[in-house]
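The values are calculated or read from the model by the stated rules, or taken from the named source; none is laboratory data. For clarity, every value in this text was computed on a predicted model and none was experimentally measured. Methodologically, a virtual Cβ is constructed for each residue, glycine included, from the backbone with ideal geometry; neighbour enumeration extends over all protein chains shown.
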Amino acid sequence: MARQAQAETAGPEAWLEEGLALHAAGDRPGAEALFLRAAETRPDDPTGLYLLALSRFEAGDSDSSERLLERVTELRPQHLQARLTLANLRQWRGENAAAAAAYGQAVALDPARPDALIGLCQTLMAAGDAEGAAAAGQAAAAAAPGDPAAQLALAAALLGAGRIEGAVAAYRASVALKPGDAAARAGLALALLQAGDGGGALKAAAQAAERDPASAEAWFALGLVCRSVGRPAIAAPALRRSLALDPTRAGAHLSLGAALVELDDFPGAEFALRRAVELDPACAEAHANLSSLYLRGERFSQARAHAERALVLDPRMWVAHRNLAGLCAREGQAEAARRHRDLGYGVANLQVLSAAQPVQRVLVLTTTESGNVPERHLLPADRYTRINWFVEYARAEQFEALPPYDVVFNAIGDPDLSAPTARNVARFLEVCRRPFFNRPDRIERTARRLAGALFAGVPGLVVPKVAKIDAQTLADRGLMAAADEAGVTPPLLVRPIGSHGGQGLILVSEAAEAAAVPAGDCYVTAFHDYRSPDGLWRKHRVIFVDRRPYPYHLAIGKDWMVHYETSGTGTDPARIAEERRFLEDAEQAVGASAMAAVREIGARMDLDFCGVDFGVLADGRALLFEANATMLVHPESPDGPLAHKNPFVERILGAFQAMLAARTAG
């Protein structure tokens with residue numbers, strides 16, 4: 001107390017000295033009182049003003065601190081520390097452009113000052129000046145090559161500027177200088193992911209989380225990498241752990257939502273994505289992902305609303321354009337659908353989905369139309385790097401400059417929808433030197449209207465009469481007259497061209513019912529009553545892998561339109577037992593004649609992957625429903641009522657993957 005009283009009567013120098021001593025002892029209010037007294041006594045003394053500014057900043061009064069620091073720089077323009085503190089204050093407040101200007105003034109005073117260069121790098125990057133940030137980061141690393149913070153700032157700036165190789169090198173340098181820094185390892189993981197090194201990214205992210213389990217950044221990086229390399233089951237808990245540490249991170253909610261979609265947890269995905277939107281209403285990607293989720297759930301109005309909101313925020317958001325293309329097509333808005341399709345696929349027509357340690361890189365030829373072969377489970381994301389190429393939007397320079405691939409899988413499985421891709425696929429075949437699966441000329445033979453010719457004369461097979469009728473003929477002649485002229489007599493199955501899974505399929509037995517048929521090109525097929533003696537209807541599916549048949553499911557329902565998911569098979573022990581018998585011994589279950597016909601169907605399609613849906617008539621003959629490549633194969637929940645199917649599903653998937661490997665090795 002005596003010392004403080006002596007300082008109070010001694011003058012400004014003593015007040016500042018004692019104020020610093022009080023500050024060091026933890027008495028900030030006492031220190032500030034002395035700094036204020038000195039500043040009021042000598043209002044043009046930069047030292048007192050600067051110390052008072054620091055004290056005010058520590059107290060949370062950033063406005064007062066900023067005014068004092070600005071006064072210091074007016075009085076002494078060369079006061080480097082004041083300019084740095086002013087820049088730090090503005091960066092802390094998120095005023096990145098103003099902070100960058102202040103850091104730039106500090107750098108002008110000392111061009112080799114590392115902390116000024118690091119701050120300049122960070123604020124320029126936050127302000128959107130990627131190249132300026134990279135230049136500042138390079139200067140910081142050159143000024144302090146042994147400073148991990150300088151290398152970290154450089155790495156982040158290079159990553160933001162799209163200079164991936166340089167970013168990886170800088171992150172590695174930062175990790176080498178400070179091995180325990182989880183942020184550096186997390187950044188390295190994300191850079192390696194962008195560089196296409198999924199395995200390296202996974203290793204770096206796992207090390208980050210292991211070294212600092214309390215780092216939300218580390219768990220976020222691990223979750224993001226796992227999701228990106230096809231491991232959503234690992235990604236989801238990592239992202240949840242990140243959110244437990246930092247619940248306000250919108251990007252973690254966004255990534256969690258995407259992971260949960262892949263795990264088929266749609267309620268969880270919706271909750272996560274809606275939370276991402278709440279935290280960051282301007283996140284176009286979150287709105288686009290919500291749109292995709294709602295589209296899958298047939299909540300069309302919500303899908304449209306979020307797609308449109310995404311495009312307001314980012315007109316280049318191709319996912320939103322693709323969703324709107326589908327929505328517009330569904331509503332008959334052909335011109336709008338075409339415009340959104342062009343915007344959604346015209347630039348982003350090539351999508352690389354990298355696995356951490358891929359056994360093969362598969363080029364998947366696909367189309368923006370429906371009717372693609374569902375390849376999600378055929379090519380597991382954690383084992384296969386998939387290069388999805390939307391071929392109708394292929395550019396001339398792409399044909400011989402695609403990313404490296406080992407094999408080609410043609411997923412364009414519906415010949416009625418392949419016209420937009422036919423020319424480009426043919427052109428690609430001229431230059432392709434890798435194994436090619438499901439050649440397009442064989443796909444073309446599986447059109448419904450050609451089934452009668454393709455399977456003519458197969459013993460033990462009934463092929464219903466089918467005709468393709470265009471919309472104009474329907475309008476001019478009416479359904480019944482048009483079908484009769486094509487040689488198809490009622491009752492009729494009517495389906496829109498390109499529809500699958502029973503979408504739009506109706507049964508028309510009399511002329512009066514034909515009035516309900518929607519406009520548009522369609523197929524009409526003669527309906528055969530395939531009901532079993534017990535009054536139930538049975539639909540069998542067999543998958544062909546490299547022409548070999550594999551039973552996949554038997555759906556048993558109470559209605560002529562049998563869909564596995566809605567048939568009730570999975571809730572009836574008797575039906576489950578019957579399906580199991582079919583899966584274990586298909587020939588014993590359906591009879592030798594029907595199974596021989598099924599084998600011949602696979603031989604005549606002559607595709608690497610395809611399938612057939614059929615019934616069995618009372619006389620033992622097989623009744624063809626459809627035979628083509630657009631057949632879904634997927635595993636069931638291991639804890640669910642259909643888990644008995646999984647060994648047979650795995651046999652199909654294993655055969656498909658073995659075929660790819662064998663053909664490549666050969």
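Does the stretch 645-659 include one or more residues that are farther than 25 Å from V362 by Cα and not in a helix (DSSP H, G or I)?
The answer is no; no qualifying residue exists.
Quickly run through the stretch 384-415 and pick out the residues that are among the hydroxyl-bearing types (S, T, Y) and within 19 Å of Q360 (Cα to Cα).
Y384, T385, Y405 - these are the residues of the stretch 384-415 that are among the hydroxyl-bearing types (S, T, Y) and within 19 Å of Q360 (Cα to Cα).
Scan the stretch 431-441 and tell me whether some residue there is modelled with pLDDT under 95, among the aliphatic types (A, V, I, L, M) and surrounded by fewer than 19 Cβ atoms within 10 Å (Cβ to Cβ).
Checking the stretch 431-441: at least one residue is modelled with pLDDT under 95, among the aliphatic types (A, V, I, L, M) and surrounded by fewer than 19 Cβ atoms within 10 Å (Cβ to Cβ).
Can we say R316 is of a type in the set (K, R), surrounded by 19 or more Cβ atoms within 10 Å (Cβ to Cβ) and either modelled with pLDDT under 95 or not assigned by TED's automatic domain parsing to the domain that holds V408 (or both)?
No: the conditions fail for R316.
Please tell me if R339 is of a type outside the set (A, V, I, L, M, F, W, C), free of Cβ contacts under 8 Å to residues at least 24 places away in the same chain and over 21 Å from P496 (Cα atoms).
So R339 passes the test.
Scan the stretch 60-111 for residues that are outside any helix (DSSP H, G or I), of a type in the set (D, E, K, R) and touching a residue at least 24 places away in the same chain (Cβ under 8 Å) and report the count.
Looking only at that region, the number is 3.
Looking only at the stretch 45-52, decide whether some residue is within 50 Å of the chain's Cα centre (by Cα) and surrounded by 18 or more Cβ atoms within 10 Å (Cβ to Cβ).
Within the stretch 45-52, none of the residues are within 50 Å of the chain's Cα centre (by Cα) and surrounded by 18 or more Cβ atoms within 10 Å (Cβ to Cβ).
How many residues are buried (at least 22 other Cβ atoms within 10 Å of the Cβ), closer than 29 Å to D246 by Cβ and touching a residue at least 24 places away in the same chain (Cβ under 8 Å) if we restrict to the stretch 295-313?
Result for the stretch 295-313: 1.
Specify which of the listed residues (R83, R71) is basic (K, R), surrounded by 24 or more Cβ atoms within 10 Å (Cβ to Cβ) and assigned by TED's automatic domain parsing to the domain that holds F57.
R83
Exactly one of (1) surrounded by fewer than 18 Cβ atoms within 10 Å (Cβ to Cβ); (2) outside any loop (DSSP other than H, G, I, E, B) is unmet by L256. Its number?
Of (1) surrounded by fewer than 18 Cβ atoms within 10 Å (Cβ to Cβ); (2) outside any loop (DSSP other than H, G, I, E, B), only one is false for L256: (1).
Criterion first (at pLDDT below 95, closer than 25 Å to A336 by Cβ and either part of a helix (DSSP H, G or I) or outside the structural domain of E636 (by TED's automatic domain parsing) (or both)) does E298 satisfy it?
Yes, satisfied.
Please specify each residue of the stretch 1-20 satisfying the condition of being farther than 17 Å from Y50 by Cβ and either modelled with pLDDT of 85 or more or basic (K, R) (or both).
If the condition is that a residue be farther than 17 Å from Y50 by Cβ and either modelled with pLDDT of 85 or more or basic (K, R) (or both), then R3, A14 are the ones that fit.
Could you list all residues from the stretch 485-517 that are assigned to a loop (DSSP other than H, G, I, E, B) and at pLDDT below 85?
Answer for the stretch 485-517, where residues must be assigned to a loop (DSSP other than H, G, I, E, B) and at pLDDT below 85: I497, G498, S499, H500, G501, G502, Q503, G504, L505, S509, E510, V517.
Only strands (runs of 3 or more DSSP E) wholly contained in the stretch 518-605 count here; list those with 2 or more residues that are among the β-branched types (V, I, T).
Where strands (runs of 3 or more DSSP E) fall fully within the stretch 518-605 and carry at least 2 residues being among the β-branched types (V, I, T), they are 522-526, 537-545.
In the stretch 449-482, what residues are in a helix (DSSP H, G or I) and modelled with pLDDT of 90 or more?
Of everything in the stretch 449-482, those that are in a helix (DSSP H, G or I) and modelled with pLDDT of 90 or more turn out to be R449, L450, A451, G452, A453, L454.
Quickly run through the stretch 565-590 and pick out the residues that are at pLDDT below 90, surrounded by 15 or more Cβ atoms within 10 Å (Cβ to Cβ) and under 15 Å from A643 (Cβ atoms).
T569, G570
Do you know which residues across the stretch 17-51 are within 21 Å of E70 (Cα to Cα) and either among the basic types (K, R) or in contact with a Cys (Cβ under 9 Å, 6 or more places away or on another chain) (or both)?
Answer for the stretch 17-51, where residues must be within 21 Å of E70 (Cα to Cα) and either among the basic types (K, R) or in contact with a Cys (Cβ under 9 Å, 6 or more places away or on another chain) (or both): R37, R42.
Restricting to the stretch 608-630, and then to whatever is out of contact with any Phe, Trp or Tyr (no Cβ under 8 Å at 6 or more places or on another chain) and within 20 Å of L378 (Cβ to Cβ), can you tell me which residue is surrounded by the fewest Cβ atoms within 10 Å (Cβ to Cβ)?
Checked the stretch 608-630; the qualifying residue surrounded by the fewest Cβ atoms within 10 Å (Cβ to Cβ) is E626.
Among the residues of the stretch 259-282, count how many are assigned to a helix (DSSP H, G or I), farther than 21 Å from L313 by Cα and in contact (Cβ under 8 Å) with a residue 24 or more places away in the chain.
Residues meeting the conditions: 6.
Out of curiosity, is A24 out of contact with any Leu (no Cβ under 6 Å at 6 or more places or on another chain), farther than 26 Å from A127 by Cα and in the same structural domain as A140 (by TED's automatic domain parsing)?
It is true that A24 is out of contact with any Leu (no Cβ under 6 Å at 6 or more places or on another chain), farther than 26 Å from A127 by Cα and in the same structural domain as A140 (by TED's automatic domain parsing).
Pairs, please: C-beta under 6 Å, at least 6 apart or cross-chain, first residue under 17 Å from L378 (Cα atoms) and in the stretch 631-649, second in a loop (DSSP other than H, G, I, E, B) and among the hydrophobic types (A, V, I, L, M, F, W, C)?
E636/L642
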